[in-house]
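**Q** If you scroll down you'll find the structure; I have some questions about it.
What follows is calculated from the coordinates using simple rules that are stated; it is not laboratory data. This one's a predicted model, so the numbers in the text were calculated from it and none came from an experiment. Cβ atoms come from the backbone with ideal geometry, glycine included; neighbour counts cover every protein chain shown.
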Amino acid sequence: MDMTSIQGPLTGGAMIGMAAAGLLLLTGKTAGVSGALYGVVTGERGEFPWQFAFVLGLVLGGVMLGQFMPQALPASAGSSLPLLGLGGLLVGFGARLGGGCTSGHGVCGMGRLSRRSVVATCSFMAVAMATVFLVRISGGSLS
Amino acid sequence: MKAAAALAFGVLFAWGLGISGMSRPEVVLGFLDILGDWNPALMFVMGSAVPIYMAAWFARVGKRPLLGGPAPKGARHDLDGRMFAGAALFGVGWGLCGICPGPALTLLGRPSAGGLLFLACMLCGMLLYRVVDARRAGANPA
């Protein structure tokens, strides 16, 4: 691993941290993507305006990436369609049942030193790593 | 004002995902493959995001946000089975595809059938949770 390979992660991570910190300082809200999306699709938590704007910003940012930095986005989502369908269901259901995802638990919760978020983050990372390992040794291909 | 701030920070967040590599499933899967051809670079995403958020959180803990409204609630430290079960299901889905909710949204910037399917199924998973949760609440009124 050379220095150039960690420049992107460090810079991008700092931008993610600043976005989450900025949202906290100005609005007091938690930059949890799954929570915001859930609020948008259910629309019943009284938080709709900021959640919709945050999700819209993420989509808009994605469109800008596609325009100005297309190499940041994959040409295809990688996995086979059945696997993407199953993965999407598990990610959506699991994030809500577990109360957060990589952003809410992994960045905001960890940053608050929340024991619940630290344990949740360690749990989903360990399970994700085990899943990748099991798929690989079972001869499955992810790409 | 709050919505405008959320929009701007959403855009910044998406660019962070793009620049860090989190928006590319194959990079995420390489990071999760610790027993294979492990690419640890994504550790530095959390490594720089978390301290920045932490500084903001502890500088303002218990204080009202600058644009008004109530102070955010304190950090949660309780653990329960729902959290563990949810984290486990989320982990399987993340490990299968290398896509978590933020990157599922940025994928729309370069639309593909697979990316759209993942996002649609992720939203269905959330709605399914809502149905299951409402049934559970109905069966055990608090």
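**Q** Counting only helical runs of four or more DSSP H residues, what would the 222 nm mean residue ellipticity of chain B come to if each run contributes -39,500 (n - 2.57) and the total is spread over all its residues?
**A** Details: 6 runs with 95 residues, N = 142.
Rounded to the nearest 500, the figure is -22000 deg cm²/dmol.
**Q** Still on this structure, I have one more. Would you work out the relative contact order for chain A, in percent, from Cα pairs under 8 angstrom that are 6 or more residues apart? If you can, show how the numbers build up before the last one.
**A** Numbers: 79 pairs, mean separation 35.3, N = 143.
Normalised by residue count, the contact order of chain A is 25 percent.
**Q** Using +1 at the C-beta of Lys and Arg and -1 at the C-beta of Asp and Glu, which of B:51, B:139, A:41 has the Cα lying farthest in the positive direction of the dipole of the protein assembly as shown?
**A** B:139
**Q** Give me the one-decimal nm value for the distance between modelled label points at residue B:38 and residue B:85, 7 Å along each residue's Cα-to-Cβ direction.
**A** Each label point lies 7 Å from its Cα, and together they span 3.2 nm.
**Q** Can you give the average number of partner chain beta-carbon atoms within 10 Å of each beta-carbon in peptide A:28-39, as a whole number?
**A** Working: counts 13, 8, 3, 8, 2, 10, 8, 2, 5, 8, 6, 1.
Counting Cβ atoms of other protein chains within 10 Å of each residue's Cβ and averaging gives 6.
**Q** Here's another thing I want to ask about it. Using the beta-carbon distance between residue B:139 and residue B:76 and R0 = 22 Å, what value does 1/(1 + (r/R0)^6) give for FRET efficiency, to the nearest 0.05? Present the calculation step by step, with values, prior to reporting the outcome.
**A** On the way: r = 24 Å, r/R0 = 1.11.
Step by step, r from the Cβ atoms, then E = 0.35.
**Q** For a footprinting-style exposure proxy, rank A:16, A:137 by other Cβ within 10 Å, fewest first. Walk me through the numbers on the way to the answer.
**A** Values: A:16 33, A:137 10.
Fewest-to-most Cβ neighbours within 10 Å comes out as A:137, A:16.
**Q** Quick one: order B:82, A:112, B:136 by neighbouring beta-carbon count within 10 Å, fewest to most. Mind showing how you got there, number by number?
**A** Values: B:82 14, A:112 24, B:136 10.
Taking fewest neighbouring Cβ atoms as first place, the list is B:136, B:82, A:112.
**Q** So if I place +1 on the C-beta of Lys and Arg and -1 on the C-beta of Asp and Glu, and nothing else carries charge, what would the dipole magnitude of the protein assembly as shown be about its Cα centre? I want it in debye, nearest 20.
**A** Values: 19 positive and 9 negative charges, 184 e Å.
Charge dipole, the protein assembly as shown, about its Cα centre: 880 debye, nearest 20.
**Q** Now for a separate question. So what is the 222 nm mean residue ellipticity for chain A from helices alone, if each DSSP H run of at least 4 adds -39500 (n - 2.57) and you divide by all residues, rounding to the nearest 500 deg cm²/dmol? Don't jump to the answer; show the numbers that get you there.
**A** Details: 5 runs with 97 residues, N = 143.
Helices in chain A give a 222 nm mean residue ellipticity of -23000 deg cm²/dmol.
**Q** Tell me, B:129, B:53 in order of fewest to most beta-carbon neighbours within 10 Å? Don't skip to the end; give the middle numbers.
**A** Values: B:129 21, B:53 27.
Sorted ascending by nearby Cβ count, the order is B:129, B:53.
**Q** Still on this structure, please answer the following. Express in whole angstrom the spacing between the alpha-carbon centres of region B:1-55 and region A:22-79.
**A** 13 Å
**Q** Name the residue farthest towards the positive end of the dipole of chain B from the options B:65, B:119, B:85, assuming +1 on Cβ of Lys and Arg, -1 on Cβ of Asp and Glu, about the Cα centre.
**A** Farthest along the dipole direction, towards plus: B:65.
**Q** Could you work out the relative contact order of chain B, using alpha carbon pairs under 8 angstrom and six or more residues apart, expressed as a whole percent? Could you put the intermediate results ahead of the total?
**A** Numbers: 76 pairs, mean separation 35.6, N = 142.
Over chain B, the number comes to 25 percent.
**Q** Counting only other chains, and only Cβ atoms inside 10 Å, what mean value do you get across the residues of B:27-37?
**A** Details: counts 4, 4, 9, 1, 5, 9, 7, 6, 6, 4, 1.
Average per residue, whole number: 5.
**Q** Could you work out the mean count of beta carbons from other protein chains within 10 Å of each residue's beta carbon in B:74-81?
**A** Working: counts 2, 11, 9, 8, 3, 5, 2, 1.
Counting Cβ atoms of other protein chains within 10 Å of each residue's Cβ and averaging gives 5.
**Q** Could you pull the Rg and Dmax for chain B, using just the Cα atoms, both in Å?
**A** 18.1, 49
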